[in-house]
């Protein structure tokens, strides 16, 4: 366990040649949206052209929040999002630097690569962030440490870690018991609005009697962009939208939705996160009603 915690952050980088995808603060919002879609990432570090350093992140939820704040439902349903970003006056006026952290969840807290992994986990937990910019001794950005990468590292060293056989029902305050869900007959944009209003990155989808049937997350914004379809897809019923989503074989092996029970162990949760590549699990009762959300951040709190 001590070796696990004392591993430096620099030792768990995917590889030393991993490219950092980034954008400039004075570039149009459209550039960030397109790059996130092209590189299949949810967030990008932003280079401030005034201070000449990286000091912020922008993510997909920032763009969603900006659209919800500035456009009417009629405008959003009739126009292609790329067209909106290219041609609307407000998107010509606002630059990436203007909307960084509009969602309020993109704190930029640099950590040196020589710091122990335990420090990285503690800081992610303390600041409630999904990623940390990693810098060298001169302050140069050299990598991004994500929660997903930490979970992957834990999975690869699971045999050296004690205390993973505990059932989550035996743990106090593991996960978030206040579940914000949405019914399947609501529109997709309503789900994104809930995320925007509550500062969360996903909402569980339930049927008319509250049984969990699916999940809408901020990553689904990329699906709209990949297809090049009209943004009006966001105004479909959620049930129809879920049927259009590409199938994830890593999730299908567990069932349509990734669920856990009070009897599920910490080790099983780690493995589910690692195999499925999702960022959250739902604890359900025996009938399938969600009672808690367990995020990767909640898992990392266990190791903090």
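The values are calculated or read from the model by the stated rules, or taken from the named source; none is laboratory data. No experiment lies behind these values; they were computed from the predicted model shown. When we count neighbours, we look across all protein chains shown, and the Cβ atoms used for this are built from the backbone with ideal geometry, even at glycine.
The set of residues in segment 274-288 that are in contact with a strand residue (DSSP E or B) (Cβ under 7 Å, 6 or more places away or on another chain) and buried (at least 18 other Cβ atoms within 10 Å of the Cβ) comprises 279, 280, 281, 282, 283, 284. Among the residues making up segment 169-204, those that are under 13 Å from residue 291 (Cα atoms) and touching a helix residue (DSSP H, G or I) at 6+ places or on another chain (Cβ under 8 Å) are 174, 175, 176, 180, 203. Restricting the first member to segment 35-46 and to residues that are assigned by TED's automatic domain parsing to the domain that holds residue 101 and free of Cβ contacts under 8 Å to residues at least 60 places away in the same chain, and the second to residues that are in a loop (DSSP other than H, G, I, E, B) and crowded, with 19+ Cβ neighbours inside 10 Å, the beta-carbon pairs closer than 7 Å and six or more apart or on different chains are 46/25; 46/100.
Among the residues making up segment 250-277, those that are assigned to a loop (DSSP other than H, G, I, E, B) and at pLDDT 90 or above are 261, 262, 263, 264.
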